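Comments concern the structure below.
The values are calculated or read from the model by the stated rules, or taken from the named source; none is laboratory data. Please read these numbers as outputs of a predicted model, since none were measured by experiment. Glycine also receives a Cβ, built like all others from the backbone with ideal geometry; neighbour counts cover every protein chain displayed. We work out accessible area using only protein heavy atoms, side chains counted, and drop any ligands, DNA or RNA first. Shrake-Rupley method; radii C 1.70, N 1.55, O 1.52, S 1.80 Å.
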Amino acid sequence: ATFPVPLNPFRNHVRRGSCWGRSQDLKIAAPASDSKRLGAAGAAMARQHARTLWYDRPKYVFMEFCVEDSTDVHVLIEDHRIVFSCKNADGVEFYNEIEFYAKVNCKDSQDKRFGRSITCFVRKWKEKVAWPRLTKEDIKPVWLCVDFDNWRDWEGDEEVELAQVDHYAELLEKVSTKRPPPAMDDLDFTTTVVSCSPAELQTEGSNGKKEVLSGFHVVLEDTLLFPEGGGQPDDRGTINDISVLRVTRRGAQADHFTQTPLTPGTEVQVRVDWERRFDHMQQHSGQHLITAVADHLFGLKTTSWELGRLRSVIELDSPSVTAEQVAAIEQSVNEKIRDRLPVYVRELSLDDPGVEQVRGRGLPDDHAGPIRVVTIKSVDSNMCCGTHVSNLSDLQVDLHEPFSCRCGAEDHVEAVKKLQNSSKLLQKNNLNLLRDLAVHIAHSLRNSPDWGGVVTLHRKEGDSEFMNIIANEIGSEETLLFLTVGEEKGAGLFLLAGPAEAVETLAPRVAEVLEGKGAGKKGRFQGKATKMSRRAEVQALLQDYVSTQSAEE
């Protein structure tokens, strides 16, 4: 990219930094002293319970509160309970309070907000002791369900559990509160006012409407504040404690918009909003690095980039970028950050032969003065007037999907919205069709001439809800119903329903034959199996039981 030459080389005093992707709305844990207040708030307001899934592991208990597009999320984890509250996109409030089955280690328990849910993993006080239920009391709220998709035998499972905990911990680390930028105590910039003229600034008000501010364009002899341009926003700061609301480039000078006039010839002190500046430095250096790596590895040229408030967008001249390419670029970028490569600035004259060896797309028509070149050691040299870190270690980047293909920003946003809407519609339609199919199957089974005794059904497609709809529609307490979904000879889900006494007797044996695990009560038992190939053995077991009961009668 090509940017206008600055009035002076901006100083980059940096020590440590933050990350490429900035934190968004989180985080969650209230101190123990807030528990009464949080509980009282839940009692005072009419709230719904969030649908909650849970599963047990040797060292942790995992919970997932299913609320899409959640806001105002609060999670309080204590030694014997968890209190959860939030709102969804429609403003509906949710509140769950769960007294745990056993004591937990609240200091080694964490939570993470996703787009569709909030996941918590809670460290058990006594490890390798199974929890038969999540709640202290032997109750089953309608909003609380076992997550059979993640329920499995403990044997040989510790490595999987630790990997899952590490994964969550890594996610939590990425969204941790952004650390403050390094100090700039050594910067004291003084200059002189050259001119001050009336001006107007168009801004967007709090109501979203355009507003016009009256003020002044102040030109300084030299400046510390970066004027907007080339994809990087301008700096903010003060001149003699007067706020600078915008900095723009006009030819070879920078206009500083203020709402208070300054007298030409006056000596003034300029201060920069360092937190904003340092963030822009990180984003801009990160863009240079990604652009250079993408070009070097795959010849993918950067056509434009934009430094945004929540994320930066790099546009590549390609109709698509494969997952393998993204992974390779990500790995190379992070390796260079870990190598702590220095970033330095040179100024070259127009006739310097070194100009031909740096990346750039030409100079603006009103360019004047030397050419500023930003170099990442052994990686890239690029014409640039922007602000940068002095070492890649100040980025601390962990990249995820940082690219967009060649299309306009507005088109890209619109395309993503359409895809999201289409995906939601397809999911809703598929779910409705699956429910309709379950009802149809239930009626077919009920009306079948083979009805009675033991009824079995297996489908490759389906889930726990699918099987429960069938069981609910049939509603018989006289027939043993054995339903399974999943691979013919691999893993899957199962449900056993029928007379409560029969289910209580047979369920452990069914789980053992299928090499699975589950839970249930009152005539229904469901779980996850690893050996669906042994369904015939289960059917024989059930038929033997029914035959024995009939003979005894």
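General remarks:
- Pairs with Cβ under 9 Å, 6+ apart, first in region 110-126 and farther than 13 Å from residue 77 by Cα and in the same structural domain as residue 55 (by the TED database), second open to solvent by less than 10 Å² (accessible area, probe 1.4 Å) and of a type in the set (Asp, Glu): 118/111
- Some residue of region 425-447 being among the basic types (Lys, Arg) and modelled with pLDDT under 75: yes
- Subset of region 304-354 (residues that are within 18 Å of residue 379 (Cβ to Cβ), open to solvent by 40 Å² or more (accessible area, probe 1.4 Å) and either among the acidic types (Asp, Glu) or in a loop (DSSP other than H, G, I, E, B) (or both)): 330, 335, 339, 340
- The strands (runs of 3 or more DSSP E) found wholly in region 180-282 and carrying at least 1 residues that are touching an Asp or Glu at 6+ places or on another chain (Cβ under 9 Å) and modelled with pLDDT under 85 occupy 189-204, 210-220.
- Residues of region 232-250 satisfying the condition of being small (Gly, Ala, Ser) and open to solvent by 30 Å² or more (accessible area, probe 1.4 Å): 243
- Yes/no for residue 552 being over 22 Å from residue 459 (Cβ atoms), among the acidic types (Asp, Glu) and open to solvent by 50 Å² or more (accessible area, probe 1.4 Å): yes
- The listed residue being among the charged types (D, E, K, R), free of Cβ contacts under 8 Å to residues at least 60 places away in the same chain and either open to solvent by less than 50 Å² (accessible area, probe 1.4 Å) or not in a helix (DSSP H, G or I) (or both), out of 504, 478: 478
- Inter-residue pairs, beta-carbon under 7 Å, first without any contact (Cβ under 8 Å) to a residue 24 or more places away in the chain and in region 227-238, second acidic (Asp, Glu) and open to solvent by less than 30 Å² (accessible area, probe 1.4 Å), 6+ apart: 228/234
- For region 58-106, the candidate set comprises residues that are within 15 Å of residue 119 (Cβ to Cβ) and among the hydroxyl-bearing types (Ser, Thr, Tyr); within that set, the residue that is nearest to the chain's Cα centre (by Cα) is 70.
- Enumeration of residues in region 441-475 that are more than 26 Å from residue 547 (Cα to Cα) and either part of a loop (DSSP other than H, G, I, E, B) or of a type in the set (Gly, Ala, Ser) (or both): 460, 461, 462, 463, 464
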